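Contents: one structure, followed by commentary.
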Amino acid sequence: MDELYTVKDVSKVLKTSVPFVYKLIKAGQIRALKLGYIKIRKEEVERFMKESEGLDITDPQNIKPFALQGEYYE
């Protein structure tokens, strides 16, 4: 059976904010369904993470290759 996440759950998995997850959904980067509240399948989150590797998704409407600017701090 598919595991379903809430938007808040997804924000924790992605280590980002709840509003940013809504931006990703609105931009079509993450597919969601509404069952009372918005839900996202675990497999969808995994797909998103795999397909987003190497990309800068700071602006979900303007995705580009990831590039470091200036110095890199570890």
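What follows draws every value from the coordinates through simple rules; no lab data is involved. Remember, predicted model here, so these are calculated numbers, not experimental data. A quick note on method: Cβ atoms are made from the backbone with ideal geometry, for glycine too, and the neighbour counts reach across all protein chains shown.
Rank the residues Asp9, Asp2 as a footprinting-exposure proxy: fewest other Cβ atoms within 10 Å of their Cβ go first.
Asp2, Asp9
Extension gain Asp2-Leu55, at 0.36 nm per residue separation less the Cα-Cα distance, in nm? Walk me through the numbers on the way to the answer.
Details: separation 53, 0.36 × 53 = 19.08 nm, distance 2.69 nm.
Extra length from Asp2 to Leu55 when fully extended: 16.4 nm.
What three numbers, in Å, describe the spread of the alpha carbons of the chain along their principal axes, ordered from the longest?
Principal-axis extents of the chain (Cα, largest first): 45, 23, 19 Å.
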